[in-house]
Amino acid sequence: MPPVLTGMARKPDFDDELERLQRHLPAWARSMIQFAKRRDAWWVRLPLAIALMVGGVLGFLPILGFWMLPLGLAFLAFDLPFLRGPLARLLAFVNEKAPARAG
């Protein structure tokens, strides 16, 4: 359940928004995110983030897509705190637009 807004709008939190996003994902994607959130998984996160961002820049080619760039930035946000604020706002936007998953 999303937090109730009273008075001024709250500032989105990266971890809270990531938890909300996981409710919209299938089980295999949730387990991948749970693995990536572990502190000792940096050796997987960083190369994956770089590969996704390179693929996102080449999004005009077949197979690759521009969707890969924000996903790579999201993986980097686990290790680079200055990315958490902007990505929390992006995740909040996505969570508002994503349909609720039944299960």
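The values are calculated or read from the model by the stated rules, or taken from the named source; none is laboratory data. Note that the structure is predicted; figures quoted are calculated from it, not measured. Quick reminder, even Gly has a Cβ in these numbers, built from the backbone with ideal geometry, and neighbours come from all protein chains shown.
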(1) at pLDDT 85 or above; (2) more than 16 Å from the chain's Cα centre (by Cα); (3) of a type in the set (Phe, Trp, Tyr): which one isn't true of Phe93, the others all being true? (2)
Could you check, for region 49-69, whether at least one of its residues is touching a residue at least 60 places away in the same chain (Cβ under 8 Å), in a loop (DSSP other than H, G, I, E, B), surrounded by fewer than 16 Cβ atoms within 10 Å (Cβ to Cβ) and not charged (D, E, K, R)? no
Restricting to region 23-43, and then to whatever is free of Cβ contacts under 8 Å to residues at least 12 places away in the same chain and in contact with a helix residue (DSSP H, G or I) (Cβ under 7 Å, 6 or more places away or on another chain), can you tell me which residue is nearest to Leu90 (Cα to Cα)? Arg30
Within region 70-99, the residues that are of a type in the set (Phe, Trp, Tyr) and either in a helix (DSSP H, G or I) or in contact with a His (Cβ under 6 Å, 6 or more places away or on another chain) (or both) are Phe75, Phe82, Phe93
Does region 33-44 include one or more residues that are assigned to a loop (DSSP other than H, G, I, E, B) and buried (at least 16 other Cβ atoms within 10 Å of the Cβ)? no
